[in-house]
Structure formats: structure tokens, C-alpha cells
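The block underneath contains the structure these notes are about, expressed in C-alpha cells.
The values are calculated or read from the model by the stated rules, or taken from the named source; none is laboratory data. Just so we're clear, the structure is a prediction, and the values are computed from it rather than from any experiment. Positions of Cβ are generated from backbone atoms using ideal geometry, with glycine treated the same way; all protein chains shown enter the neighbour counts. Accessible surface is based on the protein model in full, side chains and every heavy atom, while ligands, DNA and RNA are left aside. Shrake-Rupley method; radii C 1.70, N 1.55, O 1.52, S 1.80 Å.
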Amino acid sequence: MFLTYIYRELRRRHRQAILTSLGLALGICLVVVVSATAGGVRNAQTQVLHTLYGVGTDITVSQNATQGSGGPAQFGMNPGSPDQQGQRFSRDRINSTSGLALISDKKVTSIANLNGVSAAVGGLTLSSIHMSGHFAQVTGGTSGPPAGQFGGSVTSTATPSQAPIKIDAFSIAGVDVADQSIGPLSSATITSGRTFSMSETDAKVVVVDSGYAKQNSLAVGDTMKIGGVKFTVIGVSKSASADANVYMPLQRAQTLADEKGKVNQVYVKATSATLITQVKKAIKATVPGATVTTAQDLANQVSGSLSSASKLANQLGKWLAIAALVAAIAVASLLMLSAVGRRVREFGTLKALGWRSRRIVSQVLGEALAMGVAGGIAGIGLGYAGAQLISRLSPSLQATVANAGFPRGGATTFGGSPGGAGPSSAMRGFAHTVTVNLHAVVSPALLAVAIALAIGGALIAGALGGWRAARLSPADALRRVD
Amino acid sequence: MLYELHDVSKRYDQSKKQVVALNGIDLTIAEGEFLAIQGSTGSGKTTLLQMLGALDGPTAGSVLFEGQDLAKMTERQLSRLRSNAFGFVFQAFNLIPTLTAQENVETALVPLRISATERAERARSALAEVGLAERGAHVPAELSGGEQQRVGIARALVHNPRVILADEPSGNLDERTRDEIISLLENLWRERDQTIILVTHDSHIAARASRRLWLDAGAVADPNIAGEPVPPEELVPSPV
Ligand SMILES: Nc1ncnc2c1ncn2[C@@H]1O[C@H](COP(=O)(O)OP(=O)(O)OP(=O)(O)O)[C@@H](O)[C@H]1O
Ligand SMILES: [Mg+2]
């Protein structure tokens, strides 16, 4: 009788029942789509962090340089004497990445020994700048036009007042070959050749980033000269973040920069994600003044369309979904109340037949529940389709991490003033941009939440209707003329 | 005594004015009576019937059913009383429009918590009793007014109530159907000794009752003063 009655009532008021279910369905659909998108954005963020940071790396440690150390590349480009004017020059500078202080190897060992740290490796990032050209014909003052900015490996024609200067700048990352699961190469994939073997601690071998390799027509087996030393290219790597143009064994990099036993980056892996904040504190105590960057810190620095999408999904999307859900429940409640309002005499009759209020309320709730389940299923269907559509369209999102607090490898933004005293701008870690595709993820937990919301919403509507039905005295209900 | 009413009054306090629907009614009703309650419109007939059916309580006085004061009963006890002891027949039939005739009759058995098969069986025989054995599967909209009221009567008697309370059961029907419906009720009274309390405007119907009661402005009145002309031979003295 209970079910028959529910079924008959819903069939009689099928338009209203469909409307109520559809309203709930739309609300649920939005919740599913928004949550799935937000989940997708979170996945994309994780993906970005992995590409930027290396899958294994949880924390990076660096130390800001004090004024003067590391520092801007200085080229003596002012001719010392008038007779040098117009002569050819060629300068090669290899410096530890500016803005980063050098950290002793010993600190890396103490970090590795900290509680909660499963591994720590040091890395040394260098910038190599090669300039060649002719000394300027200086006729008057010493200052040239404003500084130009160059990113990556650049060949540029300098100011018209000067003869062409060829600038070739690239970044080098010294990699601890003993543990490559963390550190700069952990986020890269080798596209040809191989990576360093454990024994190549001081070998004159390099892995070249695919972009740089293409630009300079380098392939596995080729050789390249860095700081006057010949290196053999053993592999080409591809990394979304292009951490460095050239990777070499750490010891080699130290030799090249003449910084024995020194690193400027420490890559740390925690034993568990929950320990990361604790480890961060411990590292700060071990290396006073260090910049300790966790994946979470990095995530907060991510900008670009990915972070906009994440904001959109988390804020606008959330409120939109909540608003839609509230509206759906409100509409369902109103429809329910009006439906019950038209059945007052019916319920009065049932009370006269000895039906208890409870039974009548459960009847109304049963009807609401049926609409809620229908709405929930329809909403999940619609939401799933929506999520599918988003995944099909798979919009690409850009994530940019631009922060000096996380300088990695390719430090190639600099200003060059040919007029002497040295460029004013320090070399800094440049912005990493990563492109990921958004895939909306619909999890079973999300579906369960959606069903629960639909049923909960329907029950709220049903409870309101039931309360209205139960509250009437049978005598009043029977007097009602509809 | 089935019913004892002592000085029963019912006032409706509305914002504008107070309505006295019942005003000091003393009344006893015995088992097996066929009581007709008459009176002009607004005289309190429906209000009185609702008191007798435990749908509403008096604002003063007491209504005793089989010696029990209805005002002292809990909601739960009242529901049980309604489902066991009373059978209502309404002027507008009050069938559930979405349910079939069979299911409508069964609604009166739902509170009794009997098995579905027994419920169906009893509803079927109640429908047969009112001559609608063949129409059980029809919804109210597919039945004539007279047939709908037969379903209403089947619903009122299916649980063997102590008393059937009918509020103008033929008020919405034409004369011929009216006679059928009243005959149906009268037969229940004659053949089964079913107690029937029936509210009506109609003196012809009232004439078939075992006893008639006049209400005027909420009080039991002498029909001679009550205004509505009634043929003297139809008057039955009121044994109040
Ligand atoms: N809920 C209520 N609120 C206010 N007044 C009411 C209410 N119910 C009934 N009344 C009043 O009580 C009086 C008696 O009403 P009742 O329905 O009992 O009359 P009745 O004799 O059944 O009339 P009718 O023959 O027209 O059905 C009327 O004046 C009516 O207006
Ligand atoms: Mg009435």
C-alpha cells in the first residue's frame, strides 16, 4: 500500500514530480561537474608540481646570497685603452647562479640525517655566458642605451652604436649522480641516449635539454665545450619546466665553477608527506637563513590559467554549485508544500480513517525520497556527461611559477650594459611555465556525496511537506474546500 | 451507552468574532440506533458529528464513548479508536483520487496492521456488499457519484466499526441515487444492527431513522420551534 500509494501519487502529479526531480538533478549535476573539475584541477596541480619539482622531491633548500657573492656576471667590455677599440674580444664566464649562496656539502649530509628525511642531495646550478664581438668605438661618454633582457639561450645584436656582440648564455645543473630520483633530473625524461651512471661522478659527460639541443644542433655523441673543457653529450632530456639547459655530474660542475664541495640547492625527500612541515622547521634550524620551499609553498606560487581555473573551481564553482543546490532544494520544498497543500483534505480523510500523522508524514517523505533518488540518478548522469565533456574538450591550462625563492637552473635573465661598471640586475631564477590538460575526475565518493545530497535535499522538502500535513487537525483538514 | 455527551460546547475563537457552533448539548446514543441529526445550515451538525468521531474535541463539556472520555485520550489512542470503532462517510465522498476502489477501501484497514492478503480479501467482500464487486480496479474518476459513495460506504464498514458516522452522504447525489445510498445504510442498520449516525438536511431521509435530533444554533431544539416544517407524522419523540 505504501509503495502503491507513492507510485500513484507521483504518477498523478508526474509533471510536478519530474520538475522537482529535474531541479534536484540540475543541482546535483552542477555539484558533480564542479567537484569533478576541481578534482581535475587538483590533479593538474599535482602534475605541474611534479614536473616543476621532480616527483621525488618534497622540499628544496637554498640560501639567498648576500650582496656581492655569486653575483652578476661582469664582463670587462670597456676597452682598457683607446688602441683596443674595434678589436675582437671573447669572454667566457661560468658563475654559480646569482642570488644563491653556496652551501657546504656537509650541510647536505646533516639535512640527510635529520628525522623525517629519507634522502637529501645537493645540486649546483651554474650559468655560463659566452660573449664575443668587437670592442665599441667609444667616442664620448661611457654609458650605452638601456639594458636589454634576454631569456634562455640568446643570440642578439646589441646597440647600434656598437659592433655586433654575440651572447651565448645557458644554464648548467650539477646533478648528484648517486641519487637521481630527486633533484633536477627527476622531473625530466630522457628522450634519447641515457642518463648518468652511478660511476660517472666526475665524468666529462652532459645530458642536454631537448630545447637547447635542438637550438644548438646537439645530439647524443656530440661534444660541446664548456669553460674550455670538452664534454660528451650522453643523453637528451625533456622536462616541462626546462630546469637547466645542460646537466652534468655535480663534481664536474663544482670543478667548472671552482667551488669544490659547494652546492647551492639541496633537494630533500621526506619519509612521509605528513612530516614535511616538521622537516621544513628542522632544516631551517640546521641551515640558518635558508629558503626552504615545500611543494605546498610552490603550489601557492603557481600562477597562470591553472591557478585561475583552480580559483574558479574552488570559489566561483563551489558557490555556484551550492547556490544551485540550495535553489533546487528550495524549489523542491515549495513544490512539495504546494502539493501537500492541495491534499489537505485527503490527509484529513486518512486521519479520520485512523491513520496516524506519522504514517502520513512517511508517505510524503516516501514520495520525496522517490523524487530525490530519481533526481540524484539523473543528476549524476548529467554531471557525469558534463565531466566527460570537459575531459573530452580537455582544455589546456598553463601554470607559471615565477619566484626567486625557488630558483632553478636556468638563470638567464640579465641586463647588459656595455658601458662599463657592470649590469645592475642580478641573475634570477626564471619563470617556469608548464602546460597541462584538464581532465575532470568523477570518483565513487563524489557520486555517493551527490546521491546523499539529492536524497538529503528531497528529504528536507519532504519533511517540510510532511510537517505541514501532520500539523493539521483532522477536523480542520476535512473542512478545507479545495 | 455507546455515547454520553454532557453539556458539550464548541466555540471557535476567530479574530473578528466568536462563533458558538455547539452550545451545551446533552445527548446519549445507544448501540444499534439509527440517529438522524437535522438542522438548518450552520446549526452545528458537522461539528457535532466530528465530536462523535473523535476528530475534534469540545471546548467545554465531555464526550464519553463507551464510558471513556475522549478528551483524556492521547493522540495515539484516538487514532486507534478512529481506525477501530468509527466509520466515516462524507458528503463529497473523499476518496483518494489516485487509488482504485479496492485500494481506497483498503486504506481503512491500513492502520489495523493486518496482512496484505487479508486486507485485500476484506476490501473485496466490502465492495461486494455495496454491489461493486466488479469495479474494484477502477479509480474514482471512472465511477459515478453514486458508485463513489458506495465505495465510501464500503470503506466505512470494511473494518466492522461500532458506529458509522455519515455527514450528508447523499448531499451530492440525485434523488434516485440518494434513495439507493440511504437504503444501503438502512439495510446495514436493519440486518446487522449497525449503529448509524447520519446528518442530513433532508426530512425524507431523516424519516427512515429510528430517532431524529434537531439542532438549532448549536443546541438540541424542539423541531416545532426550529423553523423547518416537518410533517408531524414523521416526528419521533426525542428520548433525551
Ligand atoms: N473552523 C471553524 N472556524 C470558525 N467557525 C467555524 C469553524 N467550523 C465551523 N464553524 C462555524 O460553526 C458553525 C457550525 O458549523 P457546522 O459546519 O457544524 O454547521 P452545519 O450544521 O454542519 O452546517 P451545514 O448544514 O451547512 O453543513 C457555523 O456557523 C460555522 O461557520
Ligand atoms: Mg455540515
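Specify which of the listed residues (B:GLU142, B:GLU168, B:GLU106) is under 25 Å from B:ASP202 (Cα atoms) and acidic (Asp, Glu).
B:GLU168
Among the candidates A:SER181, A:SER187, which residue alone is at pLDDT 80 or above and not aliphatic (A, V, I, L, M)?
The match here is A:SER181.
Residues of segment B:58-71 being away from ligand 1 (no atom under 13 Å from the Cβ) and surrounded by 15 or more Cβ atoms within 10 Å (Cβ to Cβ), which ones?
The answer is B:GLY61, B:SER62, B:VAL63, B:LEU64, B:PHE65, B:LEU70.
Could you tell me whether any residue of segment A:328-343 is within 11 Å of chain B (Cβ to nearest Cβ) and crowded, with 19+ Cβ neighbours inside 10 Å?
The answer is yes; a qualifying residue exists.
Output yes when any residue across segment B:74-81 is more than 12 Å from ligand 1 (Cβ to nearest atom), basic (Lys, Arg) and surrounded by fewer than 22 Cβ atoms within 10 Å (Cβ to Cβ), and no when none is.
Yes: segment B:74-81 contains one or more residues that are more than 12 Å from ligand 1 (Cβ to nearest atom), basic (Lys, Arg) and surrounded by fewer than 22 Cβ atoms within 10 Å (Cβ to Cβ).
Residue under question is B:LEU157, and the condition is that it be closer than 26 Å to A:TYR7 by Cβ and more than 16 Å from ligand 1 (Cβ to nearest atom); does it hold?
No.
Regarding B:ILE25, is this residue buried (at least 22 other Cβ atoms within 10 Å of the Cβ), within 16 Å of ligand 2 (Cβ to nearest atom), part of a strand (DSSP E or B) and within 13 Å of the chain's Cα centre (by Cα)?
no
From B:ARG155, B:ARG176, grab the single residue that is closer than 18 Å to A:LEU350 by Cβ and among the basic types (Lys, Arg).
Within the list B:ARG155, B:ARG176, the selection yields B:ARG155.
Considering only segment B:46-56, I want to know if a residue exists there that is away from every other protein chain (no Cβ under 14 Å) and either of a type in the set (Phe, Trp, Tyr) or open to solvent by less than 30 Å² (accessible area, probe 1.4 Å) (or both).
no
Looking at segment B:3-19, which of its residues are in a strand (DSSP E or B) and near ligand 1 (Cβ under 8 Å from one of its atoms)?
Within segment B:3-19, B:LYS10, B:TYR12, B:VAL19 qualify.
Which of the numbered conditions does B:ASN84 fail, given that it passes all the others? Conditions: (1) within 14 Å of chain A (Cβ to nearest Cβ); (2) over 16 Å from the mean Cα position of the chain (by Cα); (3) not charged (D, E, K, R).
(2)
Do we have any residue at all in segment B:161-182 that's more than 14 Å from every other protein chain (Cβ to nearest Cβ), within 15 Å of B:LEU35 (Cβ to Cβ), away from ligand 2 (no atom under 16 Å from the Cβ) and part of a helix (DSSP H, G or I)?
Among the residues of segment B:161-182, at least one is more than 14 Å from every other protein chain (Cβ to nearest Cβ), within 15 Å of B:LEU35 (Cβ to Cβ), away from ligand 2 (no atom under 16 Å from the Cβ) and part of a helix (DSSP H, G or I), which makes the answer yes.
How do the pairs read when you match residues in segment B:1-21 that are within 14 Å of chain A (Cβ to nearest Cβ) with residues anywhere that are within 16 Å of ligand 2 (Cβ to nearest atom) and among the acidic types (Asp, Glu), using Cβ under 8 Å and keeping only pairs 6 or more apart or on different chains?
From segment B:1-21, the pairs are B:LYS10/B:ASP56.
Restricting to segment B:28-57, and then to whatever is in a loop (DSSP other than H, G, I, E, B) and hydroxyl-bearing (Ser, Thr, Tyr), can you tell me which residue is farthest from ligand 1 (Cβ to nearest atom)?
Result: B:SER40.
Pairs please, first residue from segment A:190-202 and under 16 Å from A:ALA173 (Cα atoms), second anywhere and open to solvent by 60 Å² or more (accessible area, probe 1.4 Å), Cβ atoms under 6 Å, 6+ apart in sequence or on different chains.
A:THR201/A:GLN251; A:ASP202/A:GLN251
Here are some conditions: (1) of a type in the set (Gly, Ala, Ser); (2) more than 9 Å from chain A (Cβ to nearest Cβ); (3) assigned to a loop (DSSP other than H, G, I, E, B). B:ALA92 meets all but one. Which one does it not meet?
(2)
Among residues belonging to segment A:359-389 that are among the β-branched types (Val, Ile, Thr) and open to solvent by less than 40 Å² (accessible area, probe 1.4 Å), point out the one that is nearest to the other protein chains (Cβ to nearest Cβ).
Top of the filtered list is A:ILE360.
Quick check on segment B:106-125. Is at least one of its residues outside any loop (DSSP other than H, G, I, E, B), more than 11 Å from chain A (Cβ to nearest Cβ) and of a type in the set (A, V, I, L, M, F, W, C)?
No - not one qualifying residue is present in segment B:106-125.
Name the single residue that is surrounded by the most Cβ atoms within 10 Å (Cβ to Cβ) among those in segment B:4-22 being within 16 Å of ligand 2 (Cβ to nearest atom) and not aliphatic (A, V, I, L, M).
Only one residue fits best here, namely B:LYS10.
Per-residue answers, yes or no, for (1) touching a Lys or Arg at 6+ places or on another chain (Cβ under 9 Å); (2) at pLDDT 75 or above:
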residue	(1), (2)
A:TYR5	no, yes
A:ARG11	no, yes
A:ALA17	yes, yes
A:VAL32	no, yes
A:THR37	no, yes
A:GLY40	no, yes
A:ALA44	no, yes
A:THR66	no, no
A:GLN74	yes, no
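Within segment A:350-358, does at least one residue satisfy the condition of being within 14 Å of chain B (Cβ to nearest Cβ) and of a type in the set (S, T, N, Q)?
Yes; the residues of segment A:350-358 include at least one that is within 14 Å of chain B (Cβ to nearest Cβ) and of a type in the set (S, T, N, Q).
Could you grab me the full set of residues in segment B:95-105 that are facing chain A (nearest Cβ under 7 Å) and open to solvent by less than 20 Å² (accessible area, probe 1.4 Å)?
Residues satisfying the conditions are B:ILE96, B:THR98, B:LEU99.
For segment B:187-240, enumerate the residues that are within 16 Å of ligand 1 (Cβ to nearest atom) and at pLDDT 95 or above.
Once the filter is applied, which keeps residues that are within 16 Å of ligand 1 (Cβ to nearest atom) and at pLDDT 95 or above, segment B:187-240 yields B:ILE197, B:LEU198, B:VAL199.
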